[in-house]
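Peer 1: Take this structure, written in structure tokens, and hold onto it; I'll ask about it next.
The values are calculated or read from the model by the stated rules, or taken from the named source; none is laboratory data. What you are looking at is a predicted structure, and each value in this text was computed from that prediction instead of being measured. In this analysis, Cβ positions are derived from the backbone assuming ideal geometry, glycine residues included, and neighbour counts consider all displayed protein chains.
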Amino acid sequence: MLSKRIIPCLDVREGKTTKGIKFKDNIDIGDPVEMARLYYESGADEIVFYDITASSEKRDIMIDVVRRVADSIFIPFSVGGGIRSVDDMRKVLLAGAEKVSVNSAAVKNPDIISKGAEAFGSQCIVLGMDVKHVGKKDNIPSGYEIVINGGRTYMGIDALKWAIQAQELGAGEICLNSIDADGTTTGYELKLTSLISGSVEIPVIASGGAGTPEHLKDVLTKGKADAALIASMIHYGNYTLGQIKSYLASSGVKVRKSW
């Protein structure tokens, strides 16, 4: 069995790490380069970096910040936000990232997934999915809808259908973010995570809602996730990566030791 990955997430706005609740009321909480370095030294398995306003502001990702983070850590590093073309992917990878995450641009132009996988390999292409529970409808049979542009634009696309399509196009991984759970620290959306994880063969990273180590255990076991994204619970000093991994290991979840 592969070890489950614990991945700190840095949402970045105007060069600062920021945190909100359900994609709203964001406040700046620190320097992404310093925070990435701290989490790397504390035993993070990977780091995820999102330029959260690049897509809605229709601008390029802050490549200088990406480069500075990549120079500070020596673990896999995934970058998303404002990536609209294979050339954008290339710039991010050349700046030091191992993976690129496409979200809004992939919904608008699914070919970016297949073109990116062809150019750099599926292992480099992560599909970011921002998902809202809207109830079952004719066009949303799962009850979960894809939302883009930082939670601003509802697309009328079923989340399960989109995940399966992205896998077929060549995505190597899915980062599944529940807008309903985001920043609440009340636990991951287990039903959504289990639905997607059980329907695709590529790894699924659960995102949104982590508040305690028990939440990670639940999503990695009941939710069938391959990895868990965390933010608030470590950004605000409630837990360390070592404490989280120690709890998971003692609970029978296989993780890479860092304590």
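Peer 1: Using beta carbons and a limit of 6 Å, which pairs, at least six apart or on different chains, have the first residue in region 174-198 and within 17 Å of Ser101 (Cα to Cα) and the second one part of a helix (DSSP H, G or I) and small (Gly, Ala, Ser)?
Peer 2: As it stands, the answer is Ile174/Ala163, since those pairs meet every condition given.
Peer 1: Which ones in region 212-240 are outside any loop (DSSP other than H, G, I, E, B), at pLDDT below 95 and hydroxyl-bearing (Ser, Thr, Tyr)?
Peer 2: The first filter runs over region 212-240 and keeps only residues outside any loop (DSSP other than H, G, I, E, B), leaving 213-221, 227-230, 232-235.
Okay, now just the ones that are also at pLDDT below 95, so 232-235.
Matches in region 212-240: Ser232 only.
Peer 1: If you don't mind, another one. Does Ala95 fit the bill of being over 21 Å from Gly208 (Cβ atoms), touching a Cys at 6+ places or on another chain (Cβ under 8 Å) and of a type in the set (A, V, I, L, M, F, W, C)? If you could, list the steps in order and put the result at the bottom.
Peer 2: Details: over 21 Å from Gly208 (Cβ atoms): yes; touching a Cys at 6+ places or on another chain (Cβ under 8 Å): no; of a type in the set (A, V, I, L, M, F, W, C): yes.
Criteria not met by Ala95.
Per-residue answers, yes or no, for (1) modelled with pLDDT of 95 or more; (2) more than 15 Å from the chain's Cα centre (by Cα); (3) surrounded by fewer than 23 Cβ atoms within 10 Å (Cβ to Cβ):
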| residue | (1), (2), (3) |
| --- | --- |
| Tyr144 | yes, yes, no |
| Val147 | yes, no, no |
| Gly150 | no, no, no |
| Tyr154 | yes, yes, yes |
| Trp162 | yes, yes, no |
| Gln165 | yes, yes, yes |
| Glu168 | yes, yes, yes |
| Gly172 | yes, no, yes |
| Leu176 | yes, no, no |
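Peer 1: If you don't mind, there's one more thing I want to ask. Would you mind finding the one in Gly156, Gly128, Gly151, Gly209 that is part of a strand (DSSP E or B), out of contact with any Leu (no Cβ under 7 Å at 6 or more places or on another chain) and within 22 Å of Phe49 (Cβ to Cβ)?
Peer 2: Values: Gly156 fails: within 22 Å of Phe49 (Cβ to Cβ); Gly151 fails: part of a strand (DSSP E or B); Gly209 fails: part of a strand (DSSP E or B).
Exactly one of Gly156, Gly128, Gly151, Gly209 is part of a strand (DSSP E or B), out of contact with any Leu (no Cβ under 7 Å at 6 or more places or on another chain) and within 22 Å of Phe49 (Cβ to Cβ), namely Gly128.
Table: residues versus (1) under 18 Å from Val12 (Cα atoms); (2) under 15 Å from the mean Cα position of the chain (by Cα); (3) aliphatic (A, V, I, L, M); (4) not in a helix (DSSP H, G or I).
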site	(1), (2), (3), (4)
Arg68	yes, no, no, no
Ile75	no, no, yes, yes
Asp87	no, no, no, no
Val92	yes, no, yes, no
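Peer 1: Could you please find all residues in region 205-224 being in contact (Cβ under 8 Å) with a residue 40 or more places away in the chain and not hydroxyl-bearing (Ser, Thr, Tyr)?
Peer 2: Here is the first cut: in region 205-224, the ones in contact (Cβ under 8 Å) with a residue 40 or more places away in the chain are 205, 207, 216, 220.
Answer for region 205-224, where residues must be in contact (Cβ under 8 Å) with a residue 40 or more places away in the chain and not hydroxyl-bearing (Ser, Thr, Tyr): Ile205, Leu216, Leu220.
Peer 1: Quickly run through region 103-123 and pick out the residues that are at pLDDT 95 or above and crowded, with 20+ Cβ neighbours inside 10 Å.
Peer 2: Ala106, Val107, Ile112, Ile113, Gly116
Peer 1: Now a separate question. Going by the structure shown, is Asp180 under 17 Å from the mean Cα position of the chain (by Cα), assigned to a loop (DSSP other than H, G, I, E, B), under 19 Å from Asp11 (Cα atoms) and acidic (Asp, Glu)? Even if it seems obvious, please write down each step before you answer.
Peer 2: On the way: under 17 Å from the mean Cα position of the chain (by Cα): yes; assigned to a loop (DSSP other than H, G, I, E, B): yes; under 19 Å from Asp11 (Cα atoms): yes; acidic (Asp, Glu): yes.
Judged against the criteria, Asp180 is a match.
Peer 1: Let me ask another. If you take the residues in region 173-191 that are touching a Leu at 6+ places or on another chain (Cβ under 9 Å) and of a type outside the set (S, T, N, Q), which one is farthest from Leu229 (Cα to Cα)? I'd like the intermediate steps shown before the answer.
Peer 2: Taking region 173-191 and keeping what is touching a Leu at 6+ places or on another chain (Cβ under 9 Å), we get 173-178, 180-181, 188-189.
Applying the additional criterion that residues be of a type outside the set (S, T, N, Q) yields 173-176, 180-181, 188-189.
Working: Glu173: 13, Ile174: 12, Cys175: 9, Leu176: 9, Asp180: 15, Ala181: 12, Tyr188: 10, Glu189: 12 Å.
Only one residue tops the list, namely Asp180.
Peer 1: Turning to a different aspect of this structure: So which residues in region 226-255 are farther than 26 Å from Asp31 by Cβ and in contact (Cβ under 8 Å) with a residue 60 or more places away in the chain? Working first, answer last.
Peer 2: Let us first name the residues in region 226-255 that are farther than 26 Å from Asp31 by Cβ, namely 226, 246-255.
Hits for region 226-255 are Asp226, Leu248, Val253, Lys254, Val255.
Peer 1: I've got another one for you. I'd like the full set of residues that are on the phi > 0 side of the Ramachandran plot and loosely packed, with under 15 Cβ neighbours inside 10 Å, limited to region 214-251. Before the answer, list the steps.
Peer 2: In the first step, residues of region 214-251 are kept if they are on the phi > 0 side of the Ramachandran plot; the result is 224, 237.
Correct list: Gly237 only.
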